[in-house]
Amino acid sequence: MNFVAIDFETANISRSSICSVGLAFVEKGRLIGSEHIYVKPVPNHYDPFNTALHGISDKHTCDQRTFKEQWKELKKHFHNQIVVAHNAAFDFSVLRFTLEHSQLSYPDLEYHCTYRLAQAVLPIPSHRLNDVSTHYKIKLEHHNAESDAKAAAMIAIKLCEQFKVSSLSQLSSKLGFKTGKIVSSSQSYIPFSKR
C-alpha cells in the first residue's frame, strides 16, 4: 500500500492562498517520511483568523516562492499518485483553485478522504482530525501541515489494518465510497463520495 497524504494551510479566505504544504509518504503500509514546505500565498496577505489557527504569518513566507513557482518540484507528489487527506473536500478544492489561479494543468490522481472514512465507521462524537488522532493515539500538532499530513496517513493505515484490506481503494469500496479523481486531460474533478 503506497500513497501520499497531504495537508494545506491557507493565509486568508481565498482558496488559492496556500501558505504551507504538508506531505507524508507511505510505502508498503508504513509511514517512511514527511516534509513541510512554506509557500508565499496568492493573494499575499494573512487574515488574523488564519494566523491564529496555524501560527503562520508573512515572516514565515515573505522569502518563499509561490505555489506556481514550486509546482515543478511538488507535482511529483500528486501526478499519478494515490493521495489522502483528512477533509479532502477542502484540501482538493484548495489544490484545484490554486492550480487554476496559477494557470497550471491538473495532475492525474486518485484520492481518498480519511474524514469521511472515519465518520462511516468510528463510534466517536466528532471525526475532526484531532479527535480521530486521539482515538487512534496518534501524536498531532494540529494545523501544522506536516503533522496533519502524518496523522492523515496514520489514520488511513489504521483503518486499512482494522478492515484487513491491502489498499485504500479496497477500503473505500468496502465502506461504500467511490474513489475521488482529478483528471488532467479534461481538467475535471470527481469527488470522493458515497456510492
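The values are calculated or read from the model by the stated rules, or taken from the named source; none is laboratory data. Keep in mind that this is a model prediction, so the values were computed, not measured. Note that we place each Cβ from the backbone using ideal geometry, even for glycine, and neighbour counts take in every protein chain shown. Just so you know, the surface numbers come from the protein's heavy atoms only, side chains and all, with ligands and any DNA or RNA stripped out. Shrake-Rupley method; radii C 1.70, N 1.55, O 1.52, S 1.80 Å.
Of the residues that make up region 107-118, is at least one under 21 Å from Cys19 (Cβ atoms), touching a strand residue (DSSP E or B) at 6+ places or on another chain (Cβ under 6 Å) and modelled with pLDDT of 95 or more?
No: zero hits.
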Out of Leu175, Leu104, report the one residue that is open to solvent by 20 Å² or more (accessible area, probe 1.4 Å), over 24 Å from Thr10 (Cβ atoms) and among the hydrophobic types (A, V, I, L, M, F, W, C).
-> Leu175
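Go through region 178-195 and give me each residue that's loosely packed, with under 13 Cβ neighbours inside 10 Å, of a type in the set (S, T, N, Q) and touching a strand residue (DSSP E or B) at 6+ places or on another chain (Cβ under 8 Å).
Ser188
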Sole residue being β-branched (Val, Ile, Thr) and open to solvent by 60 Å² or more (accessible area, probe 1.4 Å), chosen from Ile32, Ile18, Ile6, Ile56 | Ile32
Condition set open to solvent by 30 Å² or more (accessible area, probe 1.4 Å) and touching a Leu at 6+ places or on another chain (Cβ under 9 Å), scope region 35-53, selection nearest to Ser167 (Cα to Cα): answer is Glu35
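Check whether at least one residue in region 76-93 is in contact with a Lys or Arg (Cβ under 7 Å, 6 or more places away or on another chain) and of a type in the set (D, E, K, R), and report yes or no.
no
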Residue list for region 65-113, filter: aliphatic (A, V, I, L, M) and within 20 Å of Glu35 (Cα to Cα) = Leu74, Ile82, Val83, Val84, Ala85, Ala88, Val94, Leu95, Leu109
Quick one: which helices (runs of 4 or more DSSP H) sit completely within region 114-195 and have at least 2 residues that are farther than 30 Å from Thr51 by Cβ?
-> 114-121, 145-162, 168-174
Please go through region 155-172 and pick out each residue that is open to solvent by 60 Å² or more (accessible area, probe 1.4 Å) and more than 10 Å from Met1 (Cα to Cα).
-> Lys158, Glu161, Gln162, Lys164, Gln170
Filter result (hydrophobic (A, V, I, L, M, F, W, C) and within 30 Å of Asp47 (Cβ to Cβ)) within region 17-33 = Ile18, Cys19, Val21, Leu23, Ala24
Among the candidates Glu146, Glu161, Glu141, single out the residue that is more than 18 Å from the chain's Cα centre (by Cα) and within 20 Å of Ile32 (Cβ to Cβ).
-> Glu161
